[in-house]
1. Step through the residues of region 105-110 one at a time and calculate ³J(HN,Hα) from phi using the Karplus curve (6.51 cos²θ - 1.76 cosθ + 1.60, θ = phi - 60°), rounding each to whole Hz and writing x for Gly and Pro.
2. How much net charge surrounds Gly74 when only other residues with a Cβ under 13 Å from its Cβ are counted (Lys, Arg +1; Asp, Glu -1)?
3. For Gly98, list long-range residues whose amide hydrogen, built 1.01 Å from N in the peptide plane, is under 5 Å from its own amide hydrogen.
4. For a protection proxy built on the mean count of beta-carbon atoms within 10 angstrom, sort 120-130, 98-108, 33-43 highest first, please.
5. In whole percent, how big is the carbon plus sulfur part of the accessible area of region 31-141, probe 1.4 Å, protein atoms only?
6. Starting from the 7 Å offset along Cα-to-Cβ, what nm value, one decimal, do you get for the label separation of Ser35 and Arg49?
7. Write down the accessible area per residue of region 56-141 in Å², having rolled a 1.4 Å probe over the full set of protein chains.
8. Say R0 is 22 Å: what FRET efficiency, to the nearest 0.05, do Arg127 and Lys81 get from their beta-carbon distance?
Amino acid sequence: MIHMTTPVQQPIHPVEQPTSKDLTQPTHGSIISASRVAGTAVYDLSEQRIGTIEDVMIDKLQGRVDYAVLGFGGFLGMDKKHYPLRWSMLRYNSALEGYQVKLDKTALDNAPTVEEDREWSDDHATRVRAHYDRSLDWPLT
């Protein structure tokens, strides 16, 4: 006589996927999520706060961050302007826990804003690149 046994089924446990909270925990080293960059303070060279990073703009063909959008001005969120700055113009200062730029508030007076062109175009990117001198970039480390 042959005895057949029924195999015992093991419970199925779903594979846990990381949550957005997991992905935005404090980072170490040089990698940071875009969601953690947004809201980070921006300071001038005299360590005066001039605004915050509102967003980053990624070159979807090259796969790199090209611009950070600096939010500045206004009162209680009204009339705030948004200035695209080349990513190379920002340097993270861990003592300030924010980014520094070689600009001050007056340098933004005639700078191009995102509000001028609701649709970001290559023409707008060219105007932003032409407005800021390359001496405002930080050297690569």
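1. Taking θ as phi minus 60°, the curve returns 4, 5, 5, 8, 3, 10 Hz for region 105-110.
2. 0
3. Asn93
4. Ranking, from highest mean packing down: 98-108, 33-43, 120-130.
5. Values: 3500 of 7000 Å².
Accessible surface attributable to carbon and sulfur in region 31-141 totals 50 percent.
6. Placing both labels 7 Å beyond Cα along the Cβ direction yields 2.3 nm.
7. Value for region 56-141: 65 Å² per residue.
8. That pair, Arg127 with Lys81, gives E of 0.90.
The values are calculated or read from the model by the stated rules, or taken from the named source; none is laboratory data. Given the structure is predicted, the values throughout are model-derived calculations rather than measurements. Reconstructed Cβ throughout: ideal geometry from the backbone, glycine too, with neighbour counts over all protein chains shown. Remember, those area values only see protein heavy atoms, side chains included, never the ligands or the DNA or RNA. Shrake-Rupley method; radii C 1.70, N 1.55, O 1.52, S 1.80 Å.
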